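Let me begin by presenting the structure, written as structure tokens, before commenting on it.
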Amino acid sequence: MSNGRLRWRKFVSNFMLAMTGVCAFVSVLVLFFILGYLVFNGGTSINWDFFTKLPKPVGEAGGGMANAIVGSGKILLLASLMGVPIGFLGGIYLAEFSGKGMASVVRYAADLLNGVPSIVIGIFAYSLVVLPFKHFSAYAGAFALGMMMIPITLRSTEEFLKSVPRMLREGAMALGASKWKTIATVIVPAAYRGIMTAILLALARVAGETAPLLFTAFGNRFESHGWSQPTATLPVMIYTYAVSPYDDWHRQAWAAGLVLLGLVLIINILARTILSRGIAVPRS
Amino acid sequence: MKRFAGLAIGVLALCAIVLADNALLINGAGATFPYPIYSKWFDVYHTKNPNFQFNYQSVGSGAGIKQVTEGTVDFGATDGPMNDEQLKAFQDKHNGTGILHFPTVLGADVPTYNIPGVTSALNFTPEALAGIFLGKVTKWNDPAIAGPNKGVSLPAEDIIVVHRSDGSGTTYIWTDYLSKVSDEWKTKVGKGTSINWPTGIGGKGNEGVTGSVKNTPNTIGYVELIYAVQNNIPYGTVKNSAGNFVKADLASVTAAAAGAAKEMPDDFRVSITNPPGKTAYPISSFTWLLIPQKFQDAGKRDAVKNFLMWMLADGQSSVEALSYAKLPKEVVEKEKKAINNIQ
Amino acid sequence: MATTTTALKGAGPVTGSRSFFAKLRDGDEIARLVTLLFATTVVLITAALVWELWINSALPRQKFGFHFFVTSVWDPVMDQYGALPFIYGTMVTSAVALIIAVPLGIGAAIFLAELAPPRVSDTLQFLIDLLAAVPSVIYGLLGVFIIVPVMRTVIYPALNKPFGYLPIFKGPSYGVGFLTAGMVLAIMVIPYIISVSREVLLSVPRDQREAALALGSTRWESTWKVVVPFAKTGIMGSIFLALARALGETMAVTMVIGNTPKIAASLFAPGYSIAAVIANEFTEATGDLYLQSLIALGLVLFLLTFILNGLARLLIVLTTQKGSEVGG
């Protein structure tokens, strides 16, 4: 092999490896660009008004998104209360009680549900919850989002419970504890961090979902009282304001985008930090 | 874990109690065409009557008709009146009771455009408009457009048509007009709230079309007058049946309704596009609230009836500020009587 | 084993024939039944979803049959519905997204797996995971206000002036269109390609690399010609995963695709995707055939993502297994 050819190959090697570095750099840069752009455009619009006032009539400047922020909060809370217990208890079943057959069926169903596009979940929630009750409502939106939280919660609960060391289990049983007591007082607390992480990640995922809310929570100019009224939500407001021609609405859309993204990122960072600080459980 | 659950339940209960309120919420959805005036009205009405909240979602006439038929909203709104088939579908779903149309304001569809360097109002003939929207007139400097606009330098750029992507009464008005002035349009495309557009991109709601036109050069779209005015985008004149190029404004829209006012049918469904009249703007229309004839909830029924009465009296005084024309007197009187039909 | 179990509180004799109520008094049985109930709920919800989708899309199946998938007319006035423009739009935007995202993503994954020191690699991966968490509507927001103008003022002139004779670059510039939607989708799916490919590359046994280097290859050659082919199946899996995500994306696409149910060769032309048309037209579809045609589209989308997700998982598992089999 001639020296020249070797030099060429070395050059190619260094060049290509540098290019991969560029790829990685560009990918990460996008995240900072998004954040930066949102801060730049939305930062100045985040003021007291934004969080406390209701939207103004079309074309008039001012107003805020108080109802959308509260609405999103309500729907996310209710969605968690719907989706998390099902996923959590179902995960316990898979990890502790089930036989092989049932376990595969449940896992398969959860994976299927996980892959459903969010707009299709919206269709389902509309036919199941909106039409029969004849109104758009917060609980219809919560139902749609709650369903999306189930698969992540279920699979993660199962995995983290299974990874709890046998010693802990056998120790508890040796002390005379029944199975459910072992689960409740020993195993679940041991897997607590991982499960919390999964729930937070599931929450972060549905917090940004817009499509399922279009046909379920619909929208509301005012604060929605209780759970059975149409509800304004942050993602839907961003969408509505962004495609409108009004500059003031665009300004508010940026602010809302910043708030939403901030919320989602904080939950994600929190979740991943909890996980990394906990006992060594395998990443799912 | 337990503490978290306790906290969650506490917050839930708090929400339900604290936010539970005496205000009655009445939900409506539909046309984006009158959205600026409706949102103003409902805001003012709520200030005067804090016990009533009218929540109106601007989602397009098509969705308004659909959702009021399904019963998921209390009232609808549309600029394309429900056809017989849709009326029957409503009756079938509501044990034989019907739905009533109540005109609220008069408005106009204007051809709005964004041509770099052109700020004046272009003159459009019906042939030009039909040609553009059929995709046959493709460049801005086409003779069909340039002809009536001597003195305006039009670029040799492709025309980008912007239409509605959602089911729209504004579309209904526009296509109703085009069907009347162009046989080719009538046979090839027809009129409706959702049609098979020969060309162009879709925007959601009047808001979306206005946004697209405002942000994209060489576009033309059709929007309700106030959207073009509020967003400072130019809109053109249209040649009416008497041969005059008329710009949409309060006077020309009112003139368009003059004939219909005298011969308004009992169900208020009428088309006033391409009317006779020297000063009439040819693409004008009423817009309607769709009110079910029978309400289950007496509170909602009374709230709606009160609102309608208010709308026909005080409400009409704020429409002109937003470039909508008031309802003709005859129509107002007829509607006041028709409100009694709501049970 | 019998002696150990009788020592447990409340377990009772192990022989099987206890009455139902006796079992019930045993806390374990209640726990089992309760958790079984919730697990079954998951299955029921999923079954109900598929059932509802199937039942509520019966009309277009009966009326159009197979033609539904090959007709390109979407005409609510004439009540004629065909899925082709939406399938086309979904495929084209996803293809554009992959063409952009795959080289970038695999490149970044190679960097993270092979070159970067572990701490740097983990930190960067963390940041890329955050990118995956950004909500779709925010990408839409950025798409409308940044990418659309850039497309119109920079990218379109750059591609159309020199290459405008090619069918894919023909036509006027709308700003919105297939290419814009594809670009937005590319940003959204890169994190999936990077994170899965990185894990798959990390699982390639060291021997492989070292053997190549020992034979005199450069760092790049050993990576590109030995490691990457070894992890090929897993990387394919990551691409399928990314594709599945791209197919189902609704908000970002509907804000930048142009909402036109037409098939066009040009990348600059406006189009429509399955998810976008459902989002726009679902609440207003009057008439059962119209509504059910939209639901039929939803079913098509669901099936596509289901198949892709299944394939993806299979491929990823196969590669990581292969890595551990060949011996690390």
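Quick one: which of A:182-195, C:126-139 comes out on top by average Cβ neighbours within 10 Å, and what's the full order, highest first?
Details: A:182-195: 19.5, C:126-139: 21.9.
Going by the mean number of other Cβ atoms within 10 Å, highest first, we get C:126-139, A:182-195.
Name the residues whose placed amide hydrogens come within less than 5 Å of the amide hydrogen of B:Leu100, ignoring near sequence neighbours (fewer than 5 apart) on the same chain.
Those qualifying (amide H under 5 Å, at least 5 residues apart or on another chain) are B:Ile291, B:Gln293.
Let me know the Kirkwood hydrodynamic radius for the stretch A:58-214, please, with Cα pairs as the basis and the value in Å to one decimal.
Values: mean 1/r = 0.0580 Å⁻¹.
After inverting the pairwise mean of 1/r, the radius is 17.2 Å.
Give the order of B:Thr199, A:Thr52, B:Thr216, C:Thr319 when sorted by the count of other beta carbons within 10 angstrom, beginning with the fewest.
Fewest to most other Cβ atoms nearby, the residues stand as A:Thr52, B:Thr199, B:Thr216, C:Thr319.
For an R0 of 22 angstrom, estimate the FRET efficiency from the Cβ-Cβ distance between B:Asn232 and B:Thr138 and round to the nearest 0.05. Can you show the working numbers first?
Values: r = 27 Å, r/R0 = 1.23.
That gives a FRET efficiency of 0.20.
For the charge dipole of the protein assembly as shown, defined by +1 on Lys and Arg C-beta atoms and -1 on Asp and Glu C-beta atoms about the Cα centroid, which residue among C:Val277, A:Ser276, B:Trp310 has the Cα displaced farthest towards the positive pole?
Of the listed residues, the answer is A:Ser276.
Only helical DSSP H runs with n ≥ 4 go in: add -39500 (n - 2.57) per run for the protein assembly as shown, normalise by residue count and round the 222 nm mean residue ellipticity to 500 deg cm²/dmol. Provide the component values of the computation, followed by the final result.
Details: 40 runs with 549 residues, N = 955.
Taking each H run of at least 4 residues, the total per residue is -18500 deg cm²/dmol.
Which of B:Lys239/B:Lys329; B:Lys191/B:Lys305; B:Lys66/C:Lys262; B:Lys136/B:Lys180; B:Lys40/B:Lys150 have a Cα-Cα distance over 29 Å?
On the way: B:Lys239/B:Lys329 27 Å; B:Lys191/B:Lys305 32 Å; B:Lys66/C:Lys262 25 Å; B:Lys136/B:Lys180 18 Å; B:Lys40/B:Lys150 40 Å.
Listed pairs above 29 Å: B:Lys191/B:Lys305; B:Lys40/B:Lys150.
Within 10 Å, count the other beta carbons around each residue, average over each peptide in B:308-320, A:257-269, and list them highest first. Kindly include the intermediate steps, with their values, before the conclusion.
Details: B:308-320: 16.8, A:257-269: 20.5.
Output ranking for B:308-320, A:257-269: A:257-269, B:308-320.
Consider all pairwise Cα distances in the stretch B:233-276 and report the whole-number % of them above 16 Å. Intermediate values should be presented prior to the final figure.
On the way: 396 of 946 pairs.
Tail fraction, whole percent: 42.
If amide hydrogens are placed 1.01 Å from N in the peptide plane, which non-local residues have theirs closer than 5 Å to the one on B:Ile26?
B:Gln53, B:Phe54, B:Asn55
For chain B, restrict the atom set to alpha-carbon positions and state the Rg and Dmax in Å.
That works out to 21.8, 79 Å for Rg and Dmax.
Could you work out how far the C-alpha centroid of the stretch C:203-217 sits from that of the stretch C:254-296, in angstrom?
50 Å
I need the calculated FRET efficiency for the pair C:Glu325 and C:Asp122, taking r as the beta carbon distance and R₀ as 30 Å, to the nearest 0.05. If you can, show how the numbers build up before the last one.
Details: r = 26 Å, r/R0 = 0.88.
Once the sixth-power term is evaluated, E becomes 0.70.
Evaluate the protein assembly as shown: find the radius of gyration of its Cα atoms, find its Kirkwood radius, and give the ratio Rg to Rh. If you can, show how the numbers build up before the last one.
Working: Rg = 30.5 Å, Rh = 30.1 Å.
In the protein assembly as shown, Rg relative to Rh is 1.01.
State the dimensionless ratio Rg/Rh of the stretch A:225-280 (Rg: radius of gyration of Cα atoms; Rh: Kirkwood radius).
Working: Rg = 16.4 Å, Rh = 13.6 Å.
Looking at the stretch A:225-280, the ratio lands at 1.21.
Would you compute the Debye intensity of the stretch C:240-324 from its alpha-carbon atoms alone, equal scatterers and no solvent, and pass along log10 I(q)/I(0) at q = 0.10, 0.14 Å⁻¹ to two decimals?
-0.35, -0.60
Would you mind giving the mean number of other chain beta-carbons within 10 Å of the Cβ of each residue in B:39-47, as a whole number? Don't jump to the answer; show the numbers that get you there.
Numbers: counts 7, 5, 1, 3, 8, 1, 0, 2, 0.
For this peptide, the per-residue mean of nearby foreign Cβ atoms is 3.
Amide H neighbours of A:Gly64 under 5 Å, at least 5 residues apart or on other chains, H built in the peptide plane: list them.
A:Lys53, A:Leu54, A:Lys56
Percentage of Cα-Cα pair distances in the stretch B:210-332 greater than 18 Å, rounded to whole percent? Can you show the working numbers first?
Details: 4651 of 7503 pairs.
Looking at the stretch B:210-332, the distances longer than 18 Å represent 62 percent of pairs.
From zero up to wherever the largest Cα-Cα distance of the stretch B:120-234 sits, split into 10 Å bins and tell me the percent of pairs in each.
Cα pair-distance distribution for the stretch B:120-234, in percent: 14, 46, 36, 4.
Using θ = phi - 60° and the Karplus relation 6.51 cos²θ - 1.76 cosθ + 1.60, list the HN-Hα couplings for the stretch C:98-112 in order, rounded to whole Hz, with x at every Gly or Pro.
Listing the rounded values in order: 5, 4, 7, 7, 5, x, 4, x, 5, x, 5, 5, 4, 4, 5 Hz.
Report ³J(HN,Hα) in whole Hz for each residue of the stretch A:156-170, in order, from the Karplus equation J = 6.51 cos²θ - 1.76 cosθ + 1.60 where θ = phi - 60°; Gly and Pro get x.
Residue by residue, the stretch A:156-170 yields 5, 4, 4, 5, 6, 5, 5, 8, 5, x, 4, 3, 4, 4, 5 Hz.
Can you give the average number of partner chain beta-carbon atoms within 10 Å of each beta-carbon in peptide B:191-203, as a whole number? All intermediate terms of the calculation are to be shown ahead of the outcome.
Values: counts 1, 4, 4, 10, 4, 9, 5, 1, 3, 6, 12, 12, 5.
Per residue, the average neighbour count from other chains is 6.
Calculate the dipole size of the protein assembly as shown relative to its Cα centre from +1 charges on Lys and Arg beta carbons and -1 charges on Asp and Glu beta carbons; express the result in debye to the nearest 20. Display every interim value, and only then the final one.
Values: 75 positive and 59 negative charges, 515 e Å.
Around 2480 debye, computed over the protein assembly as shown.
Beyond 32 Å, what share of the Cα-Cα pairs of chain A remains, rounded to the nearest whole percent?
Across chain A, Cα pairs with separations above 32 Å total 42 percent.
List, in order, the whole-Hz ³J(HN,Hα) value for each residue of the stretch C:250-257 obtained from phi through the Karplus relation with A = 6.51, B = -1.76, C = 1.60 and θ = phi - 60°; use x for Gly and Pro.
Working through the residues one at a time gives 10, 5, 4, 5, 5, 7, 10, 9 Hz.
Computed over the Cα atoms, what is the radius of gyration of chain C divided by 2.2 N^0.38 Å, N being its residue count? Numbers along the way, then the final one.
Numbers: Rg = 26.0 Å, N = 328, 2.2 N^0.38 = 19.9 Å.
Cα Rg divided by the expected 2.2 N^0.38 Å: 1.31.
Given the protein assembly as shown, what percent of its DSSP beta bridges are antiparallel, to the nearest 5? Could you put the intermediate results ahead of the total?
On the way: 26 of 44 bridges.
Of those bridges, close to 60 percent are antiparallel.
Assuming 0.36 nm per residue, please report the length gained on full extension of the stretch C:Ala95 to C:Ala265 beyond their Cα-Cα distance.
Gain in length upon complete extension: 59.9 nm.
Over the stretch C:27-124, what number does the Rg to Rh ratio reach, with both radii from the alpha-carbon atoms and Rh per Kirkwood? It would help to have the intermediate numbers written out before the result.
Working: Rg = 24.0 Å, Rh = 19.0 Å.
My calculation of the ratio gives 1.26.
Note down the nm distance, to one decimal, between modelled labels 7 Å out along Cα→Cβ at B:Asn95 and at C:Leu314.
For B:Asn95 paired with C:Leu314, the spin-label model returns 5.4 nm.
Rounding to the nearest 20 debye, state how big the charge dipole of chain B is about its Cα centre with +1 on each Lys and Arg Cβ and -1 on each Asp and Glu Cβ. If you can, show how the numbers build up before the last one.
Numbers: 31 positive and 30 negative charges, 50 e Å.
It comes to approximately 240 debye.
The numbers here are math on the coordinates, done by the rules we state, and not lab data. Here the structure is a predicted model, which means the values were calculated and not measured. Positions of Cβ are backbone-derived with ideal geometry, glycine not excepted, and every protein chain shown enters the neighbour counts.
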